[in-house]
Amino acid sequence: MSKHREKTTTETTPTLPEGLVSARDLHKTYRMGKVSLEVLRGVSFDVQPGEFITIYGHSGSGKSTLLHLLGLLDEPTSGQVFLEQTDTSSFSRNHRNAVRNRDVGFVFQFYYLLPELTVLENTLLPAMVEHSTLAWPGQNKALRQRAEELLAELGLGDRMKHRPKELSGGERQRTAIARALVNQPKLLLADEPTGNLDSKTGKKIIDVLLRLHRNHKQTILMVTHDEELAQQVGRSLYLTDGKLVK
Amino acid sequence: MYKLFLCLRYLRSKAFAYFGMLCVALSVCLMLISVSVFTGFLNKIEKAAKGLFGDIVIEPYGERGLAHYDEFIAEITKIPDVEAADPFILGLGVLSVEGDSHYRQTVQIAGIRLPSRARVTDFEEGLFVQEGTANPTFDVPLNEAVARLEVYQKFLRAIVEREFAAELATLTPERRQACFQSGILMEHYLTRDEQSAGKRQLLRRLSSAYRNLDEAKTRLEQAQLRAGELAALRDELAQAKQRGATADEQLDLKEKIEDITDAVRIHPAGNRVILGLGIPGLTFRTDKGETIRYLMPGHNIFLYVVPLGRRFTSEGIQPNIGKFTIIDDNLSGVHSIDSKMVYIPFDTLQTLNNMYEEVSPDDPSKVVEPKRCSQIHVKVRGENLTEPDLRRTAAKIQELWGDFLKRHPDAAVSDVGIETWRQRQQQVVEPLEKQRTLVIIVIAVIWVVVVVLIFVIFYTIVTQKTREIGVLKAVGASGWGVAGVFLGYGAVVGLIGSVVGTLGGWVFVKNINAIQDWVADVFGYRVWSRDQFMFDLIPNEVDWNAAIFILASSILAGLLGALLPAIRAARMQPVEALRYE
């Protein structure tokens, strides 16, 4: 994204949003046969660098859809997503892939770890996607060290060679967080990261996210259906009927 | 990096992948075995046909034969394509063994010229005493035959030691030694009550072979010892003839020579025979496929030749009898040849088959009936000759024959066929080639099945991994990158499967005869019948050209099978993949 940004700096006009990531009048409609389901009905907001924002809403309110649009996993029916003042609708497919790889980290409710890979390998996955087979030997050592430090920081120093099935739910989610952070993304998107955990473990995960935000100024956008949880962090937005309510 | 990494990691942990590899390996193995055996079989027929009868055979229909063959050979060898040509007589007869009044066996008798036959065929390759020698002869130095028998004795001893190791272990060193000095003691000491009937029979056969070997060797050694005496008497007889000694004086010398010849019973070069190795009753095969000789160089036989070379009289046929000493044996590998053919000197069979020259009783200078041969075998110059090459040479010979016949109208009384080895073997080769085509079609079907199997396997794998594909895309992997993981996976499944299959096929083909022996032992069923398939052994050479093709096409099968699932993976929308239940 940074490359794209340099290229488009001269095109930037003062009317463009100034957030790290900005949504402008986002609509998303799913069509299932003859039935259309309008999930998002004009969502606009900005996320500033270093912010920790929670979006809460009931099940089916479109939280995950919004997160997917902001993380370039999906495209809006109408409206725009800006990343560092650049309209992402102009991005090529390869550029979107590169942005997802370098600038965005995802944490999912069900972890989505690859069962064949160890904790360390799962963590290194985005780095492996970024570097070609030929480039890997030159980067391997530094990246591995980065992943190991990250895992140690998340309390998984003694779990690196374990497979996901050998881990507890909390450990799995921390591994997923490590994976999301290995490429040092500008934005961490967390989709109900505690939704599959008991409250005690869920709290620990929130503590991890808060620590990352505090210590590393990590920009985090988290969605949850838990209003209480949403109140614990800096700014929270409420999504209902496909619209944001502050 | 992730493509290679995931591809290898999936391979390690997916039982499905092993199943795919197994399918590829089995089909590659099957393809390689069937193609190799078929190609080997066809190659064997070609080698055997050429090795036995040369590239081109000139043969008149009927048994009257060809006259003036040496003149015609002199003419055809002037054709630049022709490397060599040699006359051949094929006769019919009955073989009996000296000292065995019961044994009789019908045989085909080949009259050949040595060493010139070695220039036209591969006859020398299958010889026992003169194995691989460039100039085989009927006049083998007896010490060479003795030396060969000594080596053979060690081979027989090794078989006895292998088959009767347990029995030998119970004997005192002296008795063990005695076993290998006499076939009789061998049978006596090694027979046990608890032995199976098969084992007793094997011992009886081996001890009999051992006994016969001793006898043959002693005869040859005796003949060597008295060779000087015999040579001196022959010189004396020649001198007596020269100085015009009386008939009585000559007869006396002849009798002395006969006395010695009878005593050592080794006939001179004109009356020596090379047996085909496999004549029923004269050899047996062990379970391990070794051919053991009952009769060997040094033994004598009788041949009763049915004289086909002249018109038969109204009184019927009287066989011509010849006494022969076995001096060698020959294994061509073609069962129908090795079980029927004996080889004797060309001139000897010409006489016994009534193909000799007949002169007018009134005027000895006038030839009434020229000497004849049955066939002329031609070797064409050059390596890897194709059928059209050989046919061109055959056409040149045909042209020459037309001219020759005008100059020598009595050269043949019937039509003469000039055919390449392939034309002569057409009845065998053509159905085989058709069968090979059929096998290739079956193989193509198997190949399609492999592609479908891999498709099914990969489709299932891709479906199972839908969410992981979503994760990969979420962390920035491109559609083609994800497809690359599965394509690489398919190629590796194809590669490993086909390498394992090729190795398996190679091991199977190399040991195909041992495997058949084992199957025959355990299940009592023999797939390859020697009588039916002509050869003693199933061809066991891997067709490497086919192997490379099969290997490449199996990797391609892996790729093709994985292609559609990989494309499906590439086209998956990340969000849909992540939501997949």
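So the values come out like this:
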read-out	value
Residue check for A:ARG163: facing chain B (nearest Cβ under 10 Å), farther than 30 Å from A:GLY42 by Cβ and among the basic types (Lys, Arg)	yes
Pick from region B:472-482, criterion assigned to a helix (DSSP H, G or I) and buried (at least 24 other Cβ atoms within 10 Å of the Cβ), ranking: nearest to the other protein chains (Cβ to nearest Cβ)	B:ALA474
A:THR194 being within 21 Å of B:LEU578 (Cα to Cα), modelled with pLDDT under 90 and either among the hydrophobic types (A, V, I, L, M, F, W, C) or touching a helix residue (DSSP H, G or I) at 6+ places or on another chain (Cβ under 7 Å) (or both)	yes
Unmet criterion (only one of (1) on the phi < 0 side of the Ramachandran plot; (2) out of contact with any Leu (no Cβ under 6 Å at 6 or more places or on another chain); (3) facing chain B (nearest Cβ under 7 Å); (4) not in a helix (DSSP H, G or I)) for A:ASN101	(4)
Which listed residue, of A:LEU244, A:LEU188, is under 15 Å from A:GLY62 (Cα atoms), in a strand (DSSP E or B) and not small (Gly, Ala, Ser)	A:LEU244
Any chance B:LEU405 is more than 30 Å from B:LEU551 (Cα to Cα), surrounded by 12 or more Cβ atoms within 10 Å (Cβ to Cβ) and either assigned by TED's automatic domain parsing to the domain that holds B:ALA84 or touching a helix residue (DSSP H, G or I) at 6+ places or on another chain (Cβ under 6 Å) (or both)	yes
So B:ILE45, is it in a helix (DSSP H, G or I) and either over 22 Å from B:ASP403 (Cβ atoms) or modelled with pLDDT under 95 (or both)	yes
Any hit, region A:58-73, residues being assigned to a helix (DSSP H, G or I), among the basic types (Lys, Arg) and more than 22 Å from A:ASP207 (Cα to Cα)	no
Residue ID - nearest to the other protein chains (Cβ to nearest Cβ), chosen from residues in region A:58-69 that are over 21 Å from B:GLY479 (Cβ atoms) and not hydroxyl-bearing (Ser, Thr, Tyr)	A:LEU67
Helices (runs of 4 or more DSSP H) within region B:161-214 that include 1 or more residues farther than 30 Å from B:VAL97 by Cβ	B:165-169, B:173-179
Residue within region B:344-351 that is part of a helix (DSSP H, G or I), buried (at least 24 other Cβ atoms within 10 Å of the Cβ) and modelled with pLDDT of 90 or more present	yes
Residue check for B:LEU26: modelled with pLDDT of 85 or more, in a helix (DSSP H, G or I), buried (at least 22 other Cβ atoms within 10 Å of the Cβ) and in contact with a helix residue (DSSP H, G or I) (Cβ under 9 Å, 6 or more places away or on another chain)	no
Some residue of region B:158-169 being in contact with a Cys (Cβ under 9 Å, 6 or more places away or on another chain), closer than 18 Å to B:ASP214 by Cα and modelled with pLDDT of 90 or more	yes
Test: A:THR123 is under 22 Å from B:GLY479 (Cα atoms) and at the interface with chain B (Cβ under 8 Å from one of its Cβ atoms)	no
Residue match in region B:378-397 (condition: free of Cβ contacts under 8 Å to residues at least 12 places away in the same chain and part of a strand (DSSP E or B))	no
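The values are calculated or read from the model by the stated rules, or taken from the named source; none is laboratory data. Bear in mind the structure is a predicted one, so any value in this text is a computation, not a measurement. Cβ coordinates were reconstructed from backbone atoms using ideal geometry, including for glycine residues, and neighbour counts include every protein chain displayed.
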